[in-house]
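The values are calculated or read from the model by the stated rules, or taken from the named source; none is laboratory data. Everything numeric in this text was worked out from a predicted model, so none of it was measured. Methodologically, a virtual Cβ is constructed for each residue, glycine included, from the backbone with ideal geometry; neighbour enumeration extends over all protein chains shown.
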Amino acid sequence: MIRYMIYGSSDDLVEIRVVEHDLVEASFVDEFCAYDSSLEKPVILTFSTRTKIIVYYGNDGIWNIEVVDNGEGASIGFVSAASEDTIYTDVLFVTAPDLHIVSAVFDDEDLM
């Protein structure tokens, strides 16, 4: 099984890590600049399971992640952001066998 962890960082980065079996370490995979992202202009990630998510920085200073399509065979875990003062990002976990990201798009630009 492969488990990706997706979250926002600062006010302009979407970060992706692979979580190891013990859930203690997460290896860096990639980060995408998403400066000026919004609900109307999100980062769109699509996985090999056809799971599709959007990630965007909200007006309230919190990174939001939404599952648009759960796809097939993926397990989704979600931790909601508490507030701008504590945890300022949603965190999404996507788990499936042989999972990989097939596309990342922001503002009609391919990020991969």
**Prompt:** Does G71 satisfy being surrounded by 17 or more Cβ atoms within 10 Å (Cβ to Cβ) and not hydrophobic (A, V, I, L, M, F, W, C)?
**Reply:** yes
**Request:** Scan the stretch 15-28 and give yes if some residue there is surrounded by 17 or more Cβ atoms within 10 Å (Cβ to Cβ) and farther than 17 Å from F78 by Cα, otherwise no.
**Result:** no
**Message:** D11 - would you say it is under 13 Å from T89 (Cβ atoms), touching a Phe, Trp or Tyr at 6+ places or on another chain (Cβ under 8 Å) and modelled with pLDDT under 95?
**Reply:** yes
**Request:** Would you check which residues across the stretch 48-63 are of a type outside the set (V, I, T) and either assigned to a loop (DSSP other than H, G, I, E, B) or touching a Leu at 6+ places or on another chain (Cβ under 6 Å) (or both) and list them?
**Result:** S48, R50, Y56, G58, N59, D60, G61
**Message:** Looking for something farther than 22 Å from C33 by Cβ and free of Cβ contacts under 8 Å to residues at least 40 places away in the same chain - is there at least one such residue anywhere in the stretch 84-100?
**Reply:** yes
**Request:** Report yes if some residue within the stretch 48-64 is surrounded by 13 or more Cβ atoms within 10 Å (Cβ to Cβ), closer than 15 Å to I2 by Cβ and touching a His at 6+ places or on another chain (Cβ under 7 Å); otherwise report no.
**Result:** yes
**Asked** Is it fair to say G77 is exposed (fewer than 15 other Cβ atoms within 10 Å of the Cβ) and free of Cβ contacts under 8 Å to residues at least 40 places away in the same chain?
**Response** yes
**Message:** Restricting to the stretch 76-105, give me the number of residues that are under 14 Å from the mean Cα position of the chain (by Cα) and in a strand (DSSP E or B).
**Reply:** 15
**Prompt:** Can you name the condition, by its number, that S37 falls short on among (1) polar (S, T, N, Q); (2) part of a strand (DSSP E or B); (3) under 18 Å from M112 (Cβ atoms)?
**Reply:** (2)
